[in-house]
Amino acid sequence: MPNRPDVMDKLVSLCKRRGFIFQSSEIYGGTGSVWDYGPLGIELKRNLQERWWKEMVRSRDNVEGLDSAILMHPRVWEASGHVSGFVDPMVDCRNCKKRFRADDPKIKGTPGTPDGQCPACGMKGTLGEPRQFNLMFKTFMGPVEDSAAIIYLRPETAQGTYVNFLNVQQSTRQKIPFGIAQIGKAFRNEITPGNFIFRTREFEQMEMQFFVEPGTDMEWFEYWKSERMRWHRGLGLAEDRLQFHQHSESELAHYARAAFDVQFDFGGSLGFQEIEGIHNRGDFDLSQHQKFSGKKLEYFDQGTNKRFIPFVVETAVGPNRTLLALLVNGYREEAVEGEDEGRVVLGLSPALAPIKAGVFPLVKKDGMPEMARKIADSLRPHFPVFYDDSGAIGRRYRRQDEIGTPFCITVDGESAGGNSVTVRDRDTLKQDRVSVDSLREYVAQRISE
Ligand code: ATP
């Protein structure tokens, strides 16, 4: 398959210019690989998160929601294996002081030997021996900065779910199989972050842990694999940009019985990369927490009178990375018939687009602005709309195309007499004449498709 073009630089600039994503603390020169979501970015991210919540929690009677804290007892991370095992091998260049993951494919030769070559400055023999680097952020709880008060910013939301397994099960009286889902921040001191919001040090996760009877785990694993791929397709990500990647023996985490990634083709040199992981974690997590906490984490099956530690099938997706996939997937530049200037379109699905409709008067006279404002005000309680009366109508359309607004509603010379407007479709450029009274229903129906 031919390499898809790299649109990352164009997206970074569009996202800043139009208020999707800004560099964190930009006026101070920026914070490394941390990003802020602007007015349009937060709408898009919320739409994505709400869609996940609706699909994974609200539409299922066997999945419960949870919002656990970022700060947890430090023993949690000993039990989970993160203190000893959440490490990446890292090498430093003695010459240019840059730092890399030891397995960075750009490194030529072997680090720590004379033929190891620094990918940044090009010097040979300047890369040190690989050292293990823990990716968890450490901080202190309370006023005393000693080791007794060390606490971590969580590197994943899943552990908050495991330690609450019995709280949720007993308070909801769920029976196995059932799941617990949450959306929340996670932090990883990544050695080589980058590619815009693809790999950042602060990000969010949408994770669901599904607790099952041992022996039924592979069946559930297959079920969730297909459910999750269906969800990604439903976002409008192109079929041929999505694929599964099965973890080989050497890639599998020590506790994992099976793991598949959902990968998306980001184009350019990034190509296919993970956006979601689906893991069969066996009873590793609950057994570890039972051991380290000394508290029983067994499930009692009343039907069979048996006690057991459930197996866990996990689905873990990053909203930030998926949002980037949506931007890459949707970005296109196209020529417009009869016009010198082409247009940039963000082909987001109408359900996810941050603004659902632009509302414009064709010209700033003859009562058109007043009528257009009234229409915008009447639609605003139902979905995000944007009123715009500045500049030529063509430019106003282009501004909405570029941020993915699916519909542009224009009040023109015929509007007052017939109480109707034109509705322009972002993708087909077709304009329908629609009565003002049925506008809300027209747009609502199209954004729910
Ligand atoms: P990677 O191999 O890319 O580091 P991972 O396998 O460690 O990812 P998981 O722990 O399975 O990732 O986390 C689940 C999801 O969380 C990933 O599929 C991704 O969408 C998101 N994610 C993980 N790390 C980051 C990060 N540093 N920045 C943004 N999103 C991330």
Rounded to one decimal in nm, the spacing of the 7 Å Cα→Cβ label points at Ile42 and Ala256 is 3.4
Determine one quarter of the surface area of the Cα convex hull of the chain, which equals its mean projected area, and express it in nm² to one decimal.
27.7
For the range 1-120, the convex hull over Cα atoms projects on average to an area in nm² of 13.9
What fraction, in whole percent, of alpha-carbon pairs in the range 271-341 exceed 19 Å separation?
63
What residues of the range 295-338 lie in the reach of a label at Glu227, counting those whose backbone N is under 11 Å from a point 7 Å from the Cα along Cα→Cβ?
313-315
When the dipole is taken about the Cα centre of the chain, and only Lys, Arg (+1) and Asp, Glu (-1) are charged at their Cβ, what size is it in debye, to the nearest 20?
740
Pop out the carbon and sulfur fraction of the accessible area of the range 153-312 as a percent, whole number, probe 1.4 Å.
44
Å² of accessible area per residue within the range 39-112, as computed with a 1.4 Å probe and no ligands counted:
56
Please state the shape class of the range 128-278: rounded when a/c is under 1.5, otherwise prolate if a/b exceeds b/c and oblate if not, all from the C-alpha gyration tensor.
oblate
Starting from the Cα-Cα distance between Val34 and Glu249, subtract it from 0.36 nm times their residue separation and give me the gain in nm to one decimal.
74.1 nm
Using helices alone, I'd like the mean residue ellipticity at 222 nm for the chain: each DSSP H run of four-plus residues gives -39500 (n - 2.57), total over residue count, nearest 500.
-8000 deg cm²/dmol
Computed from the beta carbon distance with a Förster radius of 45 Å, FRET efficiency for Thr304 and Leu71 to the nearest 0.05 stands at 0.70
Just flag the GluC sites (Glu not before Pro) in the range 362-444 sitting in loop per DSSP whose Cβ has no more than 14 other Cβ atoms within 10 Å.
Glu414
Mind giving me the FRET efficiency for Thr172 and Lys16? R0 is 60 Å, r the Cβ-Cβ distance, nearest 0.05 is fine.
0.85
Members of Lys54/Lys364; Lys10/Lys106; Lys175/Lys225 lying beyond 32 Å, as alpha-carbon distances in this model show:
Lys54/Lys364
Could you check the spin-label model distance between Glu274 and Glu129? Points 7 Å from the Cα along Cα→Cβ, value in nm.
2.9
Within the range 343-369, which residues have the backbone N less than 20 Å from the label spot 7 Å out from Glu414 along Cα→beta-carbon, could you tell me?
358-369
Probe 1.4 Å, protein heavy atoms only - accessible area per residue of the range 154-293 in square angstrom
39
Would you list which lysines come within 25 Å of Lys138, measuring only between C-alpha atoms, while excluding same-chain residues fewer than 8 positions from it?
Lys97, Lys98, Lys185, Lys291
Once the Cβ-Cβ distance between Ala238 and Val336 is put in as r, and R0 is 35 Å, what FRET efficiency do you end up with, to the nearest 0.05?
0.95
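The values are calculated or read from the model by the stated rules, or taken from the named source; none is laboratory data. Because the structure is a prediction, the values reported are computed rather than measured. A quick note on method: Cβ atoms are made from the backbone with ideal geometry, for glycine too, and the neighbour counts reach across all protein chains shown. The area values use the complete protein model at the heavy-atom level, side chains included, leaving out ligands, DNA and RNA. Shrake-Rupley method; radii C 1.70, N 1.55, O 1.52, S 1.80 Å.
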